[in-house]
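Below is one structure; the comments refer to it alone.
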Amino acid sequence: MHQGRGEGEDLHPIPDGLAAYGPVIVEDGRQFEIAALRQSKADEAVVHFSGIADRNTAESLKGQRLYVPRTALPATEAGEFYYADLVGLKAEDRSGKFLGTVCGVHNFGAGDVIEIEFSSGSTEFIAFSDANVPVVDIAAGRIVIELPPDAEEGEGEQ
């Protein structure tokens, strides 16, 4: 069974696990050391960064995405992938015919889905399962997809 690890997924519970990754990088490229963490009532991380002493500067960081170096992330198991590794891969059928490109991986609550942008420009969501995506070859930059019988190549959602 394929399993994705994606944006917003709890790899560690907040707040303890966040500090385990080491320094974090903010969207604008600045890097910060985490000095203290706590969990808010809304299940969000409240972070105090070293070197940020003034409230206005701290408030300017509110809502920003935090990134960690790839090397800080845990290794994936067999059949497990980070979403970022899948986006941009070529999507081919079993014969090797190019169908399109993986343009997104999502989880709307019922499991991971791969979004394929076909050569025609249309897109379609395909459940990320062994049956629908029998081959994931990140090193070769490709996946093999089995289109559902009722789907025709390039006739997905726009």
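The values are calculated or read from the model by the stated rules, or taken from the named source; none is laboratory data. The model shown is predicted, which means the values in this text are computed figures rather than measured ones. Every residue, glycine among them, receives a Cβ derived from its backbone with ideal geometry; neighbour counts consider all protein chains shown. Heavy atoms of the whole protein, side chains included, go into the accessibility calculation; ligands, DNA and RNA do not. Shrake-Rupley method; radii C 1.70, N 1.55, O 1.52, S 1.80 Å.
Could you list, in sequence order, the residues of the stretch 44-55 that are open to solvent by 80 Å² or more (accessible area, probe 1.4 Å) and part of a loop (DSSP other than H, G, I, E, B)?
Residues satisfying the conditions are Glu44, Gly51, Ala53.
Which members of the stretch 21-45 meet the condition of being in contact (Cβ under 8 Å) with a residue 40 or more places away in the chain and either of a type in the set (A, V, I, L, M) or farther than 16 Å from Leu61 by Cα (or both)?
Matches in the stretch 21-45: Tyr21, Gly22, Val24, Ile25, Val26.
Among the residues of the stretch 36-85, count how many are of a type in the set (D, E, K, R) and in contact with a helix residue (DSSP H, G or I) (Cβ under 9 Å, 6 or more places away or on another chain).
The number of residues fulfilling the criteria is 1.
Which residue, of Ala139, Ala127, Ala91, Ala53, is under 28 Å from Gly17 (Cβ atoms) and either small (Gly, Ala, Ser) or out of contact with any Phe, Trp or Tyr (no Cβ under 9 Å at 6 or more places or on another chain) (or both)?
Result: Ala53 is the single residue among Ala139, Ala127, Ala91, Ala53 that is under 28 Å from Gly17 (Cβ atoms) and either small (Gly, Ala, Ser) or out of contact with any Phe, Trp or Tyr (no Cβ under 9 Å at 6 or more places or on another chain) (or both).
Here are the criteria: (1) modelled with pLDDT of 85 or more; (2) open to solvent by 50 Å² or more (accessible area, probe 1.4 Å); (3) among the aliphatic types (A, V, I, L, M). Tell me which single one Ala91 does not satisfy.
(2)
Can you pull out the strands (runs of 3 or more DSSP E) entirely within the stretch 56-158 that have at least 1 residues that are within 26 Å of Val26 (Cβ to Cβ) and not basic (Lys, Arg)?
In the stretch 56-158, the matching strands (runs of 3 or more DSSP E) lie at 80-82, 98-107.
Looking at (1) open to solvent by 30 Å² or more (accessible area, probe 1.4 Å); (2) without any contact (Cβ under 8 Å) to a residue 40 or more places away in the chain; (3) within 18 Å of the chain's Cα centre (by Cα), which one does Ser60 not meet, given that it meets all the others?
Here Ser60 meets the rest and fails (3).
Step by step: first the residues of the stretch 124-156, then only those that are at pLDDT 95 or above and either of a type in the set (Gly, Ala, Ser) or touching a Cys at 6+ places or on another chain (Cβ under 8 Å) (or both), then the one that is least open to solvent (accessible area, probe 1.4 Å). Which residue is that?
Within the stretch 124-156, the match that is least open to solvent (accessible area, probe 1.4 Å) is Gly141.
Any chance you could count how many residues in the stretch 92-133 are within 20 Å of the chain's Cα centre (by Cα) and in contact (Cβ under 8 Å) with a residue 12 or more places away in the chain?
25
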